[in-house]
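Read through the structure below, which is laid out as structure tokens, and then see the notes.
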Amino acid sequence: MDLTNLLANATEDTILHVDYVAGRPISEIAKEEYRDALDWKKSPTSYVGHFVSLKNNKRGEPVLTIFCHNRGETGKFRAFNPVLGTLRSVTLA
């Protein structure tokens, strides 16, 4: 998936739907945040939020950051590294 081209015109007003499988074990906090978001009727790997950035980390890996609406307190940032986990899809709303 070419995130650079997909998100070339994305702004902070762009809403993204991200399907991502974490590359690390799921924490108790993550489980609790998912339970709190059950009213969204989304899978545990689905995230919805406003685009924040697409940058490379210090190892040169791409990291997509969104201002997430369906996890934790409203407006928590979430970062997705497709090298660490599995980025199944990103769609613009």
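I'd like the residue in the range 55-92 that is small (Gly, Ala, Ser) and over 17 Å from THR45 (Cα atoms) and, out of all such residues, is modelled with the lowest pLDDT.
The first filter runs over the range 55-92 and keeps only residues small (Gly, Ala, Ser), leaving 60, 72, 75, 79, 85, 89.
Narrowing the set further to residues that are over 17 Å from THR45 (Cα atoms) leaves 60, 75.
Values: GLY60: 96, GLY75: 68.
Looking at the filtered set, the residue picked out is GLY75.
Just the residues that are within 20 Å of LEU92 (Cβ to Cβ) and surrounded by fewer than 13 Cβ atoms within 10 Å (Cβ to Cβ), please, taken from the range 54-68. Outline the logic, then answer.
Pass one, the range 54-68, residues within 20 Å of LEU92 (Cβ to Cβ): 54-55, 62-68.
LYS55 - this is the single residue of the range 54-68 that is within 20 Å of LEU92 (Cβ to Cβ) and surrounded by fewer than 13 Cβ atoms within 10 Å (Cβ to Cβ).
Could we say that ARG24 is out of contact with any Phe, Trp or Tyr (no Cβ under 8 Å at 6 or more places or on another chain) and basic (Lys, Arg) here?
Yes, satisfied.
Show the residue pairs that are 6+ apart or on different chains and have beta-carbon atoms under 8 Å apart, the first residue being within the range 33-53 and surrounded by 15 or more Cβ atoms within 10 Å (Cβ to Cβ), the second being acidic (Asp, Glu).
What qualifies is THR45/ASP19; SER46/ASP19; TYR47/ASP19; HIS50/GLU12; HIS50/ASP13; PHE51/GLU12; VAL52/GLU12.
Say we look at the range 34-86 and pick out the residues that are among the hydrophobic types (A, V, I, L, M, F, W, C) and in contact with a helix residue (DSSP H, G or I) (Cβ under 8 Å, 6 or more places away or on another chain); which of these is nearest to ALA22 (Cα to Cα)?
The extreme case among them is LEU64.
Do any strands (runs of 3 or more DSSP E) entirely within the range 46-85 hold 1 or more residues that are more than 16 Å from LYS31 (Cα to Cα) and touching a Lys or Arg at 6+ places or on another chain (Cβ under 6 Å), and if so, which?
Hits in the range 46-85: 62-68.
The values are calculated or read from the model by the stated rules, or taken from the named source; none is laboratory data. Bear in mind the structure is a predicted one, so any value in this text is a computation, not a measurement. Counting neighbours? That spans all protein chains shown, and the Cβs are built from the backbone with ideal geometry, glycine included.
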